[in-house]
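J.: Sharing a structure with you now.
What follows is calculated from the coordinates using simple rules that are stated; it is not laboratory data. In this text, all values refer to a predicted model and were calculated from it rather than measured experimentally. Methodologically, a virtual Cβ is constructed for each residue, glycine included, from the backbone with ideal geometry; neighbour enumeration extends over all protein chains shown.
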Amino acid sequence: MHDHERFAVAKVGCRIITVSDTRAPETDESGRLIAEALRRAGHDVRGYTVVPDEPERIRTALEEALADPGVDVVILNGGTGIAPRDVTPEAISPLLERELPGFGEAFRRLSFVEIGPRALLSRATAGIANGKLVFALPGSPHGVSLALKELIVPMLGHAVFELRRGHAR
């Protein structure tokens with residue numbers, strides 16, 4: 001067993017934010033996929049919301065999620081492309097204390113294998129805000145599934161363990 005497996009939080013508190021002008025909770029396949037993947041991995045989905053592609057609304061939803069003491073991770077999906085209304089990275093950037101550039105790089109590398117150069121149009125990102133992990137994923141169900149399966153779920157418990165180290169919780 002590797003140390004990263006031994007030192008991991010078993011049940012992580014998560015909040016999901018879908019950024020979309022067209023989706024509602026009933027039609028949000030990506031939000032549903034995120035919730036299912038987290039629950040299958042034994043984590044706790046503490047909240048879910050859909051907000052339009054408006055920077056203020058995105059930022060407010062993220063601030064509310066970060067204020068919840070039971071939330072360790074916030075996963076946003078949608079608004080990470082290059083269309084004019086894709087503003088999620090800009091909306092959350094002021095709240096990120098530290099960025100995790102390796103996440104976006106790894107996501108685009110994995111996507112490139114599957115979809116080729118179109119992967120370079122993704123602005124998926126991750127960082128730390130208020131001592132919590134924040135991931136911004138594309139809105140496509142395939143992109144969400146890829147990020148969760150290959151990147152987020154395998155390291156989530158260890159990452160939260162690392163963030164909590166030295167902090168009473």
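J.: Using the per-residue mean of other Cβ atoms lying within 10 Å as a proxy for protection, in what order, highest first, do the peptides 155-161, 49-55, 121-127 fall?
T.: Highest-to-lowest ranking by the protection proxy: 121-127, 155-161, 49-55.
J.: When a footprinting reagent is the concern and you count Cβ atoms within 10 Å, what order do Thr60, Thr80 take, fewest first?
T.: Going from sparsest to densest Cβ surroundings: Thr60, Thr80.
J.: Next question. Testing the spin-label approximation: label points 7 Å from Cα along Cα→Cβ at Glu54 and Arg39. State their distance in nm.
T.: Between Glu54 and Arg39, the simple spin-label model gives 3.0 nm.
J.: Compute the Cα gyration tensor for segment 3-164, then decide on rounded, prolate or oblate, letting a ≥ b ≥ c be the square roots of its eigenvalues: rounded whenever a/c is under 1.5, prolate when a/b is larger than b/c in the other cases, and oblate in all that remain.
T.: rounded
J.: Taking GluC sites (Glu not before Pro) that fall in a DSSP loop and have at most 12 other Cβ atoms within 10 Å as cut points, what is the longest piece of the chain between them?
T.: Values: sites that count: Glu26, Glu97.
The longest such stretch corresponds to 98-169.
J.: For labels at Arg165 and Arg109 in the simple 7 Å Cα→Cβ model, what's the distance in nm?
T.: Output for this residue pair reads 2.2 nm.
J.: Using the basic label-point model (7 angstrom from Cα toward the beta carbon), what is the Arg118 to Arg98 distance in nanometres?
T.: 3.5 nm
J.: Okay, next question. Test of understanding: ordering Lys132, Lys11 by Cβ neighbours within 10 Å, fewest first, what list do you get?
T.: By the 10 Å Cβ count, ascending, the order reads Lys11, Lys132.
J.: Let me ask another. What number, rounded to the nearest 500 deg cm²/dmol, is the helix-based mean residue ellipticity at 222 nm of the chain, given -39500 (n - 2.57) per DSSP H run of at least four residues and division by all its residues? Don't skip to the end; give the middle numbers.
T.: Details: 7 runs with 68 residues, N = 169.
After summing the helix terms and dividing by residue count, I get -11500 deg cm²/dmol.
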